[in-house]
1. Residues of the stretch 56-81 with the amide nitrogen closer than 12 Å to a label point 7 Å from the Cα of residue 22, along Cα-to-Cβ, please.
2. Using the beta-carbon distance between residue 78 and residue 130 and R0 = 45 Å, what value does 1/(1 + (r/R0)^6) give for FRET efficiency, to the nearest 0.05?
3. Excluding residues fewer than 8 places away in the same chain, name every one of the lysines whose C-alpha is closer than 25 Å to that of residue 26.
4. Hey, what do the phi angles of the stretch 44-57 turn into as Karplus ³J(HN,Hα) couplings, whole Hz, using 6.51/-1.76/1.60 and θ = phi - 60°, x for Gly and Pro?
5. List the GluC sites (Glu not before Pro) within the stretch 35-78 that fall in a DSSP loop (any state other than H, G, I, E or B) and whose Cβ has at most 10 other Cβ atoms within 10 Å.
6. Normalised by the residues of the stretch 86-160, what does the relative contact order come to in percent, with Cα pairs under 8 Å and at least six apart?
7. What 222 nm value per residue comes from the helices of the chain, counting each DSSP H run with n ≥ 4 as -39,500 (n - 2.57) and dividing by all residues, nearest 500 deg cm²/dmol?
8. So for each of 148-156, 132-140 I average, over its residues, the number of other beta carbons within 10 Å; can you give me the resulting order with the highest mean first?
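Nothing in this text is a laboratory measurement; each read-out follows from the coordinates by a stated rule. All values derive from a computational prediction rather than experimental measurement. All Cβ positions, glycine included, derive from the backbone under ideal geometry; neighbour counts span all protein chains shown.
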Amino acid sequence: MSQVSISSIEKAIAKIDGLNEEALDKKIETFTLQQENLVNYLLQAGLEYENEDLNMFSIYYFAIVMEAFIEEGLSLKEITEDAIDDFQEPFVLALDAIYQDEDYTPMQDLIEQHHLSQFMMNEIEAVDEDGEELEEETKTQLFIVSSSMIGLLNVAVVRS
């Protein structure tokens with residue numbers, strides 16, 4: 001298993017946050033073209049939850065996570081709709097374990113990217129520079145979306 005390191009995550013954050021708006025838009029467009037099915041899947045969640053903020057956060061963290069995989073030197077194949085469909089059942093079972101038993105082990109085992117998962121948990125619970133934190137509903141939704149994104153990208157790593 002190829003683990004994205006904390007160092008790669010830190011480099012990705014610095015790179016993405018260091019871009020001006022135009023460069024960030026270009027970077028997101030490039031990543032979207034590489035993983036169109038995944039981005040459509042992420043944006044669908046925002047529509048289903050009727051949460052526009054979720055889409056904004058999802059795309060921002062998509063850029064960071066994609067960049068972290070690149071910084072780690074990991075190649076990703078394109079995520080297909082079939083891969084997304086195949087991921088759904090084990091993902092729902094892992095979510096059920098969290099909600100029913102507060103057991104995060106099945107989710108951690110499914111995602112297999114401990115550092116990225118921990119990064120997202122910290123981000124979801126963080127208070128921003130204005131002292132604001134995400135609403136509970138958005139926290140839950142972002143956890144679900146980011147966990148599935150990280151898990152799907154992990155499945156897409158080209159293994160040699």
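1. No residue passes the distance filter.
2. Approximately 0.75, to the nearest 0.05.
3. Leaving aside lysines fewer than 8 places away in the same chain, those within reach of residue 26 are 11, 15, 77.
4. 4, 4, x, 5, 5, 7, 6, 9, 5, 4, 4, 4, 4, 5
5. Working: sites: 36, 48, 50, 52, 67, 71, 72, 78; in loops: 50, 72, 78.
Passing both the DSSP loop test and the Cβ count: 50.
6. 31 percent.
7. -24500 deg cm²/dmol
8. On the way: 148-156: 22.0, 132-140: 13.0.
Per-residue Cβ counts within 10 Å, averaged per peptide and sorted highest first, yield 148-156, 132-140.
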